[in-house]
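> The following block contains the structure, expressed as structure tokens.
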Amino acid sequence: MNELSPESTRLGWIGTGVMGTSMCGHLMDAGYRMTVFNRTVEKAKPLVEKGATLADSVGALAANSDVVFTIVGFPSDVREVILGADGVLASAQSGAIIVDMTTSQPSLAKEIAAAAALKGVASIDAPVSGGDTGARNAALSIMVGGEAAAYQRVEPLLRLMGKTIVHQGPAGCGQHTKMVNQTLIASGMIAICEALLYAYRAGLDIPTVLKSVSSGAAGSWSLSNLAPRMLENDFDPGFFVEHFQKDMRIALEEASRMKLALPGLALASQLYQALAAQGHQRDGTQALILALASLNGFDWQQR
């Protein structure tokens, strides 16, 4: 089994958004030859300036890559990019590996793995958690589903992008694990927003409050990283509201299929729907504080 070394391995990267650009950049920093594709060409410019080759189509990228990484927006995008007429599988060579890092449907991950196997191509689902900060710092948590042999081959590449990389099981298990992750975050975000609103109405100095609660039993990544952004009215996206909405829909659909009632997740989904209806779908998930402040009759940004 050949090692995926920088000298002998051609990498392809599809999706150069908020997280993808940083993740791809880490692989290039390690010396890998990279071909990139993005529907909006301008967004690929930083990587091209760094030395990547810009492909004019997904098919052209796949034909010239030993490992193809994808991190796009929605399951429909994943389906088009990988299974479409000019998708990755249509042009990938036998022995290639597809690594889909989009948060998508477990059933689609299984479908892609089955279609890939018919072409002698390996496919793993490897969604990530950690947002823009984790992507920039190569500190992501990467949850992997797929055949163990394929995972073992790409693990050194994943370790260039993440700090916690765990093989969860067969195809789709990475996506299921990401749904667990998003369910935890969803209800946690409500709690953070409500706690900040309480502290504000009680007349407390919120940064001082955070010093007390962030390192105790109430501590979390979101509290440490996103609560300070809320205080600064910084709603730039580390992770888009509309993408989080998509994740919650997937998790609720899977829960329904498994005959599970998840009322906390359903509530979070509805609150984020309200936030999106107020025009914040392209803001970061920390913008939820705006919807909950509005529910209480005031403008958080003007407090």
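> May I ask you to rank 4, 252 by accessible area, largest first, using a 1.4 Å probe over the protein chains only? Before the final figure, lay out the partial values.
On the way: 4 20, 252 50 Å².
From most exposed to least exposed: 252, 4.
> Something else about it: How much net charge surrounds residue 112 when only the other residues with a Cβ under 14 Å from the Cβ of residue 112 are counted, with Lys and Arg +1 and Asp and Glu -1?
Values: positive: 79, 110, 119; negative: 77, 80, 100, 111, 125, 147.
So the environment of residue 112 carries a net charge of -3.
> Relative contact order for the chain: what percent, with Cα pairs under 8 Å and sequence separation of 6 or more?
13
> Then there is this: Around residue 179, what is the net charge, scoring Lys/Arg as +1 and Asp/Glu as -1 over all other residues with Cβ under 10 Å from its Cβ?
-2
> Can I ask one more? Summing -39500 (n - 2.57) over the DSSP H runs of n ≥ 4 in the chain and dividing by its residue number, what mean residue ellipticity at 222 nm do you reach, to the nearest 500 deg cm²/dmol? Don't skip to the answer; put the middle values down first.
On the way: 15 runs with 145 residues, N = 303.
Using -39500 (n - 2.57) per qualifying helix, the result is -14000 deg cm²/dmol.
> For a quick check: with amide H placed at 1.01 Å from N, whose amide H comes under 5 Å from residue 36's, ignoring anything fewer than 5 positions away on the same chain?
Answer set, sorted by chain and number: 13, 53, 54, 55.
> Right, another one. I want to check a number: in the stretch 162-303, how many lysine pairs have alpha carbons closer than 24 Å, given a sequence separation of 8 or more or different chains?
Numbers: 163/178; 178/246; 178/259; 246/259.
Taking the Cα cut-off of 24 Å, the pair count is 4.
> Leaving out ligands, DNA and RNA, and with a 1.4 Å probe, what % of the accessible surface on the stretch 178-220 is carbon or sulfur? Walk me through the numbers before you get to the answer.
Working: 1510 of 2400 Å².
Answer for the stretch 178-220 is 63 percent, counting heavy atoms of protein chains only.
> What list of ³J(HN,Hα) values in whole Hz, one per residue of the stretch 130-146 in order, does the Karplus curve 6.51 cos²θ - 1.76 cosθ + 1.60 (θ = phi - 60°) give from phi, with Gly and Pro shown as x?
x, x, 5, 5, x, 5, 5, 8, 6, 10, 5, 9, 10, 10, 10, x, x
> While we're looking at this one, here's another question. Could you state the number of Å between the C-alpha centres of the stretch 254-274 and the stretch 179-236?
21
> Then there is this: Nearest 5 percent is fine: what portion of the DSSP beta bridges confined to the stretch 3-145 is antiparallel? Spell out each step's value before the answer.
Values: 3 of 22 bridges.
Expressed as a percentage, antiparallel bridges in the stretch 3-145 total about 15.
> A further question follows. Where nothing but the Cβ of Lys and Arg (+1) and of Asp and Glu (-1) is charged, how large is the charge dipole of the chain around its Cα centre, in debye to the nearest 20? Spell out each step's value before the answer.
Numbers: 23 positive and 27 negative charges, 62 e Å.
I would put it at about 300 debye.
> By the gyration tensor of its Cα atoms, with a ≥ b ≥ c the square roots of the eigenvalues, what is the shape of the stretch 10-98: rounded for a/c under 1.5, prolate for a/b over b/c, or oblate? Walk me through the intermediate numbers first.
Working: a/c = 1.72, a/b = 1.25, b/c = 1.38.
The shape class here is oblate.
> Just add up the charged neighbours of residue 94: K/R +1, D/E -1, any other residue whose Cβ is under 12 Å from the Cβ of residue 94.
Once positives and negatives cancel, what remains is 0.
> Averaged per residue, what accessible area in Å² does the chain show with a 1.4 Å probe, protein chains only? Spell out each step's value before the answer.
Working: 13580 Å² over 303 residues.
Counting only protein heavy atoms, the per-residue value for the chain is 45 Å².
> Among 148, 203, 219, which residue has its Cα furthest toward the positive end of the charge dipole of the stretch 85-238, with +1 on Lys/Arg Cβ and -1 on Asp/Glu Cβ?
Of the listed residues, the answer is 148.
> For the stretch 14-58 and the stretch 136-154, what is the separation of their Cα centres, given in Å?
Between the Cα centres of the stretch 14-58 and the stretch 136-154 lies a distance of 19 Å.
> Out of the stretch 165-266, which GluC sites (Glu not before Pro) are coil in DSSP terms and have no more than 11 other C-beta atoms within 10 Å?
Working: sites: 194, 232, 242, 253, 254; in loops: 232.
Loop-located and lightly packed - 232.
> Just the number, please: carbon plus sulfur as a percent of the accessible area of the stretch 1-150, 1.4 Å probe, no ligands or DNA/RNA counted.
Values: 3000 of 5960 Å².
Answer for the stretch 1-150 is 50 percent, counting heavy atoms of protein chains only.
> Counting only the backbone N, which residues of the stretch 206-226 are under 16 Å from the spot 7 Å out from the Cα of residue 194 toward its beta-carbon?
218-219, 223
> Continuing with the same structure: Using a Förster distance of 25 Å, how high is the FRET efficiency between residue 236 and residue 184, based on the Cβ-Cβ distance and rounded to 0.05?
Numbers: r = 23 Å, r/R0 = 0.92.
Efficiency, rounded to the nearest 0.05: 0.60.
The values are calculated or read from the model by the stated rules, or taken from the named source; none is laboratory data. None of the values given here were measured: they were computed from a predicted structure. So basically every Cβ, Gly included, is an ideal-geometry build from the backbone, and we count neighbours across all protein chains shown. Just so you know, the surface numbers come from the protein's heavy atoms only, side chains and all, with ligands and any DNA or RNA stripped out. Shrake-Rupley method; radii C 1.70, N 1.55, O 1.52, S 1.80 Å.
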